[in-house]
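Worksheet: the structure to be examined is printed underneath.
The values are calculated or read from the model by the stated rules, or taken from the named source; none is laboratory data. Worth saying up front: this structure is predicted, and the values here are computed from it rather than measured. Cβ placement follows ideal geometry from the backbone for every residue including glycine, while neighbour counts extend to all protein chains displayed. Side chains are part of the model used for accessible areas, which takes the heavy atoms of the whole protein and leaves out ligands, DNA and RNA. Shrake-Rupley method; radii C 1.70, N 1.55, O 1.52, S 1.80 Å.
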Amino acid sequence: MMGESGTGESGFLADTALAIVAAVPVTLALFVACAVGASLLAGVLVAAQQGRVGGLVARAWIFVFRGTPLLLQIFMVYYGLAALGPVRHGPLWPAFRDPLFCAFLAMTCCCSAYIAEVLRAALAAIPPGQIEAARACGMARWTLGRRIVVPQMVRLALPAYGNELVMMLKSTSLASSVTVLDVTGVAQQVIAHSYRTVEVFCLAAAVYLGLTAALTWLLRRIERRLDPAGGR
Amino acid sequence: MIGDDVALPVLLGFGHDGWALALIAGAGLTMALSLTAMAIGTVLGALLTVAQMSRRGWLAALAQGYGLVLRGVPELLVVLLLYFGTPGLLAAIAALAGLPAPGSPPAFLTGSVAIGLVSAAYQAEVFRGGLLAVPRGQVEAAIAAGMGPFTRFRRVIAPQVLHHVLPPLGNIWQFNLKDSALVAITGLAELMRVSLVAAGSTRRPFAFFAAAMVLYLVLTSASSAVFRFAEARAGRWAGGR
Amino acid sequence: MAFSGMRAIARFLAPGLLLVLGSCQGSSAPNAHDELVIGTEGLYPPWNFTRPDGSLAGFEPDYLRVLCARIHRRCRMVAMDWDGMVGALLTGKIDVIADAVQITPERSGVLAFGRPYALTTGVIATLRGSPLAALPDGGARLDFDHRGPALDAKIAHLRNGLAGKVIGVELSGAFDTFLNQSLGSAVSIRYYRTMGERDLDLLNGRIDATLEDESYLHPLLATRDGAALVLAGPRMIGGTMGRGEALAFRPKDNALRAQFNDAIGATLADGTVRRLGLQWFRMDASPGAAR
């Protein structure tokens with residue numbers, strides 16, 4: 001059961017590399033959509049934690065999504081919810097029908113829980129004196145948030161937030177388990193027809209390594225730009 | 001015949017057609033898998049820390065490179081590569097030694113090694129941070145007070161390192177526990193796999209994935225309680241803060 | 001005969017699993033007096049499936065029990081995923097594959113097949129309300145080993161009927177190759193790791209149809225969930241889809257294969273295979289049955 005007769009060793013690897021690289025946009029699109037979605041949702045969660053009822057809901061959300069594996073969450077959204085009548089026959093079915101959307105939804109919910117924890121820690125690290133001082137100066141709530149809280153939060157949260165983004169980029173590979181043809185999905189498809197597991201997975205691993213390295217480099221640069229010490 | 005037309009409470013129960021025992025046994029295997037992975041990660045992570053702090057440039061670079069690769073590649077691919085790659089690798093090694101091919105190692109072993117390899121990369125960072133957190137002056141003072149290297153490690157370094165590393169180690173443990181679900185693709189009947197098999201063969205995915213989520217929540221919250229307890233103890237040991 | 005699945009053992013010995021499995025490693029070079037290790041998937045009902053208690057059940061566990069008794073060998077069945085099974089056989093971890101393996105030309109290059117104990121066709125299943133339910137040539141038998149204008153016309157019917165539809169199949173199964181080579185450009189193919197996942201997506205309508213063995217589909221259609229499905233179009237056999245299900249051996253294990261072939265011949269003659277087929281597939285799937 002050796003796949004179709006290829007054009008030789010280097011030919012096979014080159015074809016595979018091309019197929020895998022062609023799937024990079026799917027992986028990147030999923031990552032960017034999740035990064036934006038999860039960050040916004042995390043902001044909502046942190047805001048909700050300031051109130052009593054909202055705090056309870058936010059804490060339950062974080063508990064569930066941080067306490068279970070992302071793979072299980074993806075299966076739950078993809079197969080679990082699709083088995084429920086209201087989802088299956090509801091107006092949102094066209095979205096839930098799409099594997100990519102289900103992966104996006106599960107990853108966004110999951111990552112929002114982790115990012116919310118990062119933001120909460122950063123919020124707690126802002127000296128309360130600063131906020132009191134701003135209030136004493138008569139700063140309005142909105143201005144206080146915009147000028148004092150958010151800029152510091154961004155800087156304080158950035159290293160941990162960056163780690164979460166790298167984790168998220170790696171997690172996109174789980175989308176392949178619900179038939180999404182991302183980098184890992186395409187790799188598995190190539191293997192199914194060539195039975196050449198190790199070479200193909202190594203190629204895919206190299207692609208992810210390149211992507212995470214690029215993301216890490218980008219985050220470093222942003223961190224330096226935001227460093228008030230002038231960014232060596 | 002095959003879990004067909006059986007009511008949901010029966011499917012989730014302990015009877016002949018029920019999957020409750022299988023799910024609980026799966027949770028047990030998940031726990032065993034994660035503990036083995038964590039242990040592998042701790043040993044390898046400590047070795048990596050030593051290598052990173054080594055004066056031999058190539059050794060430090062090797063440890064550094066290991067960390068970069070294992071933290072930059074998806075855990076899923078590490079599991080897949082190890083599962084499919086090791087039989088060939090072992091056969092090649094055996095052929096070099098003139099032995100017959102040893103066959104493929106059991107899924108439990110490849111799974112825990114895969115998660116352990118990733119865990120080691122993160123644990124090494126934590127150990128390094130913990131060691132750097134011990135003020136240089138204290139070590140010097142201990143030497144001046146005439147403490148031997150073993151006493152120094154036991155009385156001065158270890159308590160403080162432990163105090164520093166326990167919270168991040170708790171985090172890594174939680175990641176191990178959740179990453180162990182990836183081993184499901186190798187066919188090992190841990191919690192994720194059992195829930196997938198049950199969901200597929202009974203065609204009741206919502207119920208079984210929900211049940212698995214509850215069991216994972218039990219595992220993660222119970223183990224985080226254990227870590228909190230240990231942190232409180234270690235805090236007292238390190239001089240009570 | 002200890003016929004319990006590896007999974008059952010693994011579950012109850014989870015803490016000491018390393019030791020247990022470590023000792024399994026030692027016995028990887030089987031000799032004639034040791035027990036035979038038989039690999040199966042445990043996820044392909046009614047051929048072989050895993051019960052909630054972890055034990056294996058189905059046509060093949062039952063049938064292999066009969067065969068092993070006939071050749072006077074102790075046998076143990078272990079469950080593993082299909083994509084690792086051939087490697088496990090070739091590296092000596094298992095001695096026989098019993099997983100409804102179709103005798104395909106591709107596989108014959110690496111595996112040595114025993115005498116077929118079943119002959120089943122592939123057929124398309126779709127939701128009752130789907131336009132695909134009205135595919136032409138319903139029930140006709142398409143033999144891909146007998147090429148000719150008649151076959152080409154029927155393939156064209158199939159290609160036109162399925163054009164633009166999403167078909168789900170198991171990754172690296174026999175139907176995967178057929179769809180890719182014969183219909184690949186007309187349909188979009190979605191791959192699943194297990195049958196169960198594919199069935200869920202077929203029932204909820206994410207995929208339009210599947211191409212699957214009739215022996216799997218008949219029992220599925222008889223369940224409450226499966227009642228939503230119908231079979232459509234021709235029954236297909238031969239070519240890349242293979243012709244008959246058989247045990248797979250290492251090519252060098254000729255003696256073992258001959259032993260099994262004798263036993264299979266005897267069970268085909270005395271009606272054992274027919275009886276097990278009626279019990280598990282709701283039809284006589286033996287190669288000689290006139291269908």
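Please find, among B:I185, B:I143, the residue that is within 14 Å of chain C (Cβ to nearest Cβ), open to solvent by 20 Å² or more (accessible area, probe 1.4 Å) and over 14 Å from the mean Cα position of the chain (by Cα). Give the derivation first.
On the way: B:I143 fails: within 14 Å of chain C (Cβ to nearest Cβ).
The conditions single out B:I185.
Taking A:F65 and the conditions (1) more than 22 Å from C:T194 (Cα to Cα); (2) away from chain B (no Cβ under 14 Å); (3) open to solvent by 20 Å² or more (accessible area, probe 1.4 Å), which numbered condition does it fall short on, given that it satisfies the others?
Every listed condition holds for A:F65 apart from (2).
Name the residues in the stretch A:161-184 that are open to solvent by 10 Å² or more (accessible area, probe 1.4 Å), more than 11 Å from chain B (Cβ to nearest Cβ) and either part of a helix (DSSP H, G or I) or free of Cβ contacts under 8 Å to residues at least 12 places away in the same chain (or both), would you?
Matches in the stretch A:161-184: A:Y161, A:E164, A:L165.
Which condition does C:H218 not pass, out of (1) farther than 28 Å from A:A187 by Cβ; (2) open to solvent by less than 40 Å² (accessible area, probe 1.4 Å); (3) touching a strand residue (DSSP E or B) at 6+ places or on another chain (Cβ under 9 Å); (4) within 14 Å of chain B (Cβ to nearest Cβ), if it passes all the others?
Here C:H218 clears every test but (2).
Output the number of the condition that C:S185 fails; it satisfies all remaining conditions of (1) without any contact (Cβ under 8 Å) to a residue 24 or more places away in the chain; (2) among the polar types (S, T, N, Q); (3) within 14 Å of another protein chain (Cβ to nearest Cβ); (4) open to solvent by 40 Å² or more (accessible area, probe 1.4 Å).
It fails just one condition, (3).
Which pairs do you get when a residue that is part of a helix (DSSP H, G or I), found in the stretch C:215-233, comes within reach of a residue that is of a type in the set (V, I, T), reach meaning Cβ atoms under 7 angstrom, with the pair 6+ apart or on two chains?
C:S215/C:T120; C:L217/C:V123
In the list C:G173, C:G196, C:G233, C:G242, which residue meets the criterion of being open to solvent by less than 30 Å² (accessible area, probe 1.4 Å), away from every other protein chain (no Cβ under 14 Å) and either closer than 30 Å to C:G87 by Cα or in contact with a helix residue (DSSP H, G or I) (Cβ under 9 Å, 6 or more places away or on another chain) (or both)? Spell out how you get there, then give the answer.
Details: C:G173 fails: away from every other protein chain (no Cβ under 14 Å); C:G196 fails: away from every other protein chain (no Cβ under 14 Å); C:G242 fails: away from every other protein chain (no Cβ under 14 Å).
That would be C:G233, the only listed residue that is open to solvent by less than 30 Å² (accessible area, probe 1.4 Å), away from every other protein chain (no Cβ under 14 Å) and either closer than 30 Å to C:G87 by Cα or in contact with a helix residue (DSSP H, G or I) (Cβ under 9 Å, 6 or more places away or on another chain) (or both).
Give me the pairs: first residue in the stretch B:118-136 and outside any helix (DSSP H, G or I), second residue surrounded by 17 or more Cβ atoms within 10 Å (Cβ to Cβ) and β-branched (V, I, T), beta-carbon distance under 7 Å, and six or more apart or on different chains, which are they?
B:V134/B:I157; B:V134/B:V161
From A:T179, A:T184, A:T216, A:T143, grab the single residue that is more than 29 Å from A:A60 (Cβ to Cβ), in contact with a Pro (Cβ under 6 Å, 6 or more places away or on another chain) and β-branched (V, I, T).
The unique qualifying residue is A:T179.
Would a scan of the stretch B:196-211 turn up a residue that is of a type outside the set (F, W, Y), part of a helix (DSSP H, G or I), open to solvent by less than 40 Å² (accessible area, probe 1.4 Å) and away from chain C (no Cβ under 14 Å)? Spell out how you get there, then give the answer.
Our first condition is that a residue be of a type outside the set (F, W, Y); within the stretch B:196-211, this holds for B:196-205, B:207, B:210-211.
Next, from what is left, pick out any that are part of a helix (DSSP H, G or I): B:196-202, B:205, B:207, B:210-211.
If we keep only those that are open to solvent by less than 40 Å² (accessible area, probe 1.4 Å) as well, we get B:196-202, B:205, B:207, B:210-211.
With away from chain C (no Cβ under 14 Å) added as a condition, the list becomes B:210.
Yes; the residues of the stretch B:196-211 include at least one that is of a type outside the set (F, W, Y), part of a helix (DSSP H, G or I), open to solvent by less than 40 Å² (accessible area, probe 1.4 Å) and away from chain C (no Cβ under 14 Å).
Considering each residue of the stretch C:243-276, count those that are farther than 20 Å from C:G39 by Cα and part of a loop (DSSP other than H, G, I, E, B), and give that number.
3
Report yes if A:T27 is away from every other protein chain (no Cβ under 12 Å), assigned to a helix (DSSP H, G or I), under 20 Å from the mean Cα position of the chain (by Cα) and not aliphatic (A, V, I, L, M), otherwise no.
Against the criterion (away from every other protein chain (no Cβ under 12 Å), assigned to a helix (DSSP H, G or I), under 20 Å from the mean Cα position of the chain (by Cα) and not aliphatic (A, V, I, L, M)), A:T27 does not qualify.
If I ask for residues that are away from chain B (no Cβ under 13 Å) and under 20 Å from B:L68 (Cβ atoms), which ones from the stretch A:185-218 would you list?
Within the stretch A:185-218, just A:L218 meets the criteria.
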